[in-house]
Amino acid sequence: MPFPMLDPRLAALVLGLPASPGNLADLPARAEVTVERLDVFDEPDLTSAAPSRLRRGDRVTVRDIPREGWLTIDPPPDAFCWIEQAAIEAGATRDTARVVAPRALVRSGHPDARMPGPPRMTLVRGASVRLLDRPPLVLGVGRSRRTWQAIAPPSGEFRHIRADGVAWMPTPPPESPEPAPLADPAIRPVSHPPGSRPGPAPEHAAEIASIEASHRAILAAPVDQWRLEPIRQRYQALLRNVTDPASGNAIRAQLDLVERQERMAQSARTIGTILERSRRRDAEVALLRRRLAQLDRPSDRPYDVEGLIQPSSRQVEGQRVFALIGPDGSTVAYLDIPPGLDVRPLVARRVGVRGTIHYNEDLRARLIAVRDLEPLDDDDH
């Protein structure tokens, strides 16, 4: 059965976790940006991609509080995503399209990035998307050529900000007693609206709370690492011992959620395996190309720079760069690694670098568009 690949931390909404400014029943709520600039992240994690930025006075709609210090918000007006062109066809109007593939992966969009960002969700056949007036991204050549079209964030897509950059507005917008329906029935949510489930009986509340705590701990990990069988077994055992309808309905709702999340995890593991195989093939092709290029290059050609390669948290155009450390321990340059070049075996080793060097204002340092990396030590990794 098709299902969406949503942010796993949205499961906090399903589990009915407490939240400010009162509890989840108080959300959505409006908040106003109180700092000069506030980054908007794909995930509630400072290491995730930050495709957009808010400014002082901007207002946001807060949907959830996924973890301490973070808020889940509706995407800002300038937010966008990518969807593969082959998965859609033109809709009834010029700015709409319809998914024609069985499943279409939606990826995060960064205005300066040269390739689509991390996966955000999966749309099923028949879902409608709104096209945006942005140039498409074309990746690969020949049979591997793929074109990505920019779309507005679909229903159920969210972003994340730091809570210390906003202030709650005193008067939240009025809420209707019933949750608003999804714009498109082909997009199926992972979460239930807060307060939509009847409360369990008091004699079962403590055990349900214990299971939910374990459930939350598992959902904090990446989706492909979810192992939910123990949670499902505990809910099933509890369900056999309850007699009141409210507790039974609440537990069955959680079992339905666990089943969907297990399918999500299995799908993520399958996709991860496919991507890893693709990366290995890309790396093999890149290695072959470099070896062929070396046949026409003098063996004594000097390197542009040498140093110790280390991971870095810095990003350029939405892509992670690596730091090159000099003999005195300082960063002499940052390395922009091309797709297909696997640098993991070279981390913490001394390397020679060839590439195009220029000064990057954001990094306040030299940035090298790497063409080639070679180890200079005798360490056989």
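Other residues lying with their Cβ under 13 Å from the Cβ of residue 213 contribute a combined charge of 0, Lys and Arg counting +1, Asp and Glu -1.
The Rg/Rh ratio for the stretch 32-86 is 1.00, where Rg is the radius of gyration of the alpha carbons and Rh is the Kirkwood radius. Between amide H atoms placed 1.01 Å from N, distances below 5 Å from residue 40 occur with 52, 53, 54, all of them 5 or more places distant or on a separate chain.
Estimated from the Cβ-Cβ distance and a Förster radius of 25 angstrom, the FRET efficiency linking residue 206 and residue 229 is about 0.65.
Any idea what the alpha-carbon Rg over 2.2 N^0.38 Å comes to for the stretch 305-375?
Cα-based Rg divided by the globular estimate yields 0.98.
Relative contact order for the stretch 219-268: 57 percent, from Cα pairs under 8 Å spaced at least 6 residues apart, divided by residue count.
Translational diffusion of the stretch 81-151 was estimated from the Stokes-Einstein equation, with Rh taken as the Kirkwood radius over Cα pairs; at 20 °C and 1.002 mPa s the coefficient is 175 µm²/s.
Under the rule a/c < 1.5 gives rounded, and otherwise a/b versus b/c splits prolate from oblate, where does the stretch 197-296 land using the Cα gyration tensor? Prolate is the answer for the stretch 197-296, as a/c is 1.5 or above and a/b outweighs b/c.
Loop-only trypsin sites (Lys or Arg not before Pro) in the stretch 51-84, please: DSSP not H, G, I, E or B, and at most 16 other Cβ atoms within 10 Å.
Values: sites: 53, 55, 56, 59, 63, 67; in loops: 56, 67.
Counting only loop positions with at most 16 other Cβ atoms within 10 Å, the trypsin sites (Lys or Arg not before Pro) in the stretch 51-84 are 56.
Separation of the stretch 104-131 from the stretch 64-79 is 18 Å, based on Cα centroids. In this structure, the amide hydrogen of residue 325, modeled 1.01 Å from its nitrogen in the peptide plane, lies closer than 5 angstrom to those of 308, 309, 310, 332, counting only residues at least 5 positions away or on a different chain.
Please grab the % of Cα pairs in the stretch 23-137 that end up more than 16 Å from each other. Roughly 67 percent, rounded to a whole number. What does the net charge come to around residue 305 if you take all other residues with beta carbon closer than 10 Å to its beta carbon, with K and R at +1 and D and E at -1? For residues surrounding residue 305, the net value is 0.
Once the Cα-Cα distance is subtracted from the 0.36 nm per residue extended length, the residue 276 to residue 348 segment shows a gain of 23.6 nm.
None of the figures in this text is laboratory data; all of them are computed from the coordinates on show. Remember, it's a predicted structure, so these values are computed and weren't measured experimentally. Neighbour counts run over all protein chains shown; Cβ positions are idealised from the backbone, glycine included.
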